Every structure is written in C-alpha cells, then in structure tokens.
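The values are calculated or read from the model by the stated rules, or taken from the named source; none is laboratory data. Being a predicted model, the structure only gives us computed values, none of them experimental. Positions of Cβ are backbone-derived with ideal geometry, glycine not excepted, and every protein chain shown enters the neighbour counts.
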Amino acid sequence: MVYSDKMYVGFSDVGASLEMTNTAILRAFENVCCMQGESVGDGISDSDGRWFLTAYRVRIFKRPAYNDRIIASTWSRCMKGVAASREFEIRSLDGQLCAAALSNWARMNIQTKKLERMSPEAFAKYESEPDRHNFDDPWIQKLRDPETSGTAREFYVDRNLIDPNGHMNNVCYLDLAVRTLPEEVYRLGEANAFDITYRKATAYAETVNCVYSEDASGRFVTVKSRDTSEIKAVVRFEG
C-alpha cells in the first residue's frame, strides 16, 4: 500500500537558491512515514513499537522549489526479522519524479528498549509492495568510517535536536554534516546523492565530534562521540 500526502514547499523548506534543501526532503519523508504508521494503528500515539532508522539512500533528480506543491509517498517494501525496508518518493503534481529514497529500519519496544519482531498480523496492515521499487537491493550496505583525519567541528546536542523518542532526530545528523563541510565544499550546493548509516543514538547534552574527510567514493562526515571512541553516524555525499 502506497501512502501519499500533498505538501507545500514553504519558506522554511528552501535555501538561498529557493530550492528544497536535503534536510527538508528528509523531513517530508519522516512526516509521511509517520502518517502511514498512524493510519494502520502503528503510530507513536498508540503503539509501544518504534521503527528506528538504520540507513538512508537518497537520490534527487529535480529539486522542488519554493511555493511548489508536491506529493510525498512511502510504502513498505519488505520485513526480515526485526528489520524492515521502506521506500519514499517526492513527485510534482504532474507526476514527475523529483526524489527517491530507500531506507532500512530496526524495530524496538520503547518500554523494554529491546529489539522485537512485529507480529505478522500487524505488519500485514502495511500491505508491503516488494515489486514496487526504485532501488534494486532493499538492504543498504553500511558505510564505514573512512578512517582519515580532516577538518572537525564539535556540536552540543541541545533540546531543539531531540525528538519524541528521546534522542537526536535522524534529520539532525544530516544538518550537522552540512554544517561541518569546508566552505569551498558547502558553496558547491546541495548534494543530489547521499547516504547515511546510523549506528548509535545520541542523547541530550552530549557533545559530538564531526569529522570531514574525502576519498574516491565521495565526501564524508563521521559523527562521533566527543572523545571519538564511538561512531554515531556516517554521512556520505556523492559527487
């Protein structure tokens, strides 16, 4: 089952070019995903189960602009054990594909803090569509830390970065990564292809160390604990 919602690209969704930013695109995906969960009785208001994001692959083909109306859509692709794969799209009102994303998730009971399988009956309500996809493999290979030193910035995780699940919101990792980019890279504009691997949740009042590096496959920002002993997330911008 595909769940879709019409959205407006407003002032807070665009950058200096008046085009939708990557963080705004992820916010649209986040919201439509929550809407579908609520529609099948698996929302945060009526379930102890939570789907925690473990990986994103995002590709942008035509960036929506300020004042555009868009249609954000999502659907469940498959589930394996405690893991699930989901896809997203943003299309213009005339049906043109603007952005596509593949995402992987792990399910946890918010009360016990343990991974748990969703019951087949509950998952059936999502009406998964394994044959509908923009990406061949439903499972995203985890990004590794490039293990090269580069420019680094520290960020304090304040209350505005914390979501209802009690940890730093997934979109904020991308925001911190963009803020870490060297000025000459930032001025190149928003990347039209990027991947994120999420490894460990970040709590309120932590300080994270974001390290920028490059290799042949792209530009990386690795989000680490302040002492760099733990990797929180790895973000790769292609191109």
Check your understanding: Conditions: (1) in a strand (DSSP E or B); (2) in contact with a helix residue (DSSP H, G or I) (Cβ under 6 Å, 6 or more places away or on another chain); (3) under 30 Å from residue 144 (Cβ atoms). Residue 72 meets all but one. Number of the miss?
Key -> (3)
**Study point:** Single match in 46, 42 (criterion: buried (at least 19 other Cβ atoms within 10 Å of the Cβ) and either of a type in the set (D, E, K, R) or in the same structural domain as residue 166 (by TED's automatic domain parsing) (or both))
**Key:** 42
Revision key, fill the gap. Of those in region 27-51 that are in a loop (DSSP other than H, G, I, E, B) and in contact (Cβ under 8 Å) with a residue 40 or more places away in the chain, the residue nearest to residue 175 (Cα to Cα) is 44
Exercise for review: Taking residue 24 as the residue in question, decide whether it is of a type outside the set (D, E, K, R), within 20 Å of residue 167 (Cα to Cα), touching a residue at least 24 places away in the same chain (Cβ under 8 Å) and not assigned by TED's automatic domain parsing to the domain that holds residue 174.
Suggested key: no
Revision key, fill the gap. Conditions (1) closer than 24 Å to residue 27 by Cα; (2) acidic (Asp, Glu); (3) outside any strand (DSSP E or B); (4) over 20 Å from the mean Cα position of the chain (by Cα) -> residue 184 fails only (1)
Review point. Quick check: is even one residue across region 107-125 part of a strand (DSSP E or B) and more than 21 Å from residue 165 (Cα to Cα)?
Key: no
Review point. Looking at residue 93, is it aliphatic (A, V, I, L, M) and either without any contact (Cβ under 8 Å) to a residue 24 or more places away in the chain or surrounded by 13 or more Cβ atoms within 10 Å (Cβ to Cβ) (or both)?
Key: no
Review point. In region 188-232, which strands (runs of 3 or more DSSP E) lie fully inside it and hold 1 or more residues that are surrounded by 22 or more Cβ atoms within 10 Å (Cβ to Cβ), of a type outside the set (Phe, Trp, Tyr) and touching a helix residue (DSSP H, G or I) at 6+ places or on another chain (Cβ under 6 Å)?
Key: 207-215, 218-225
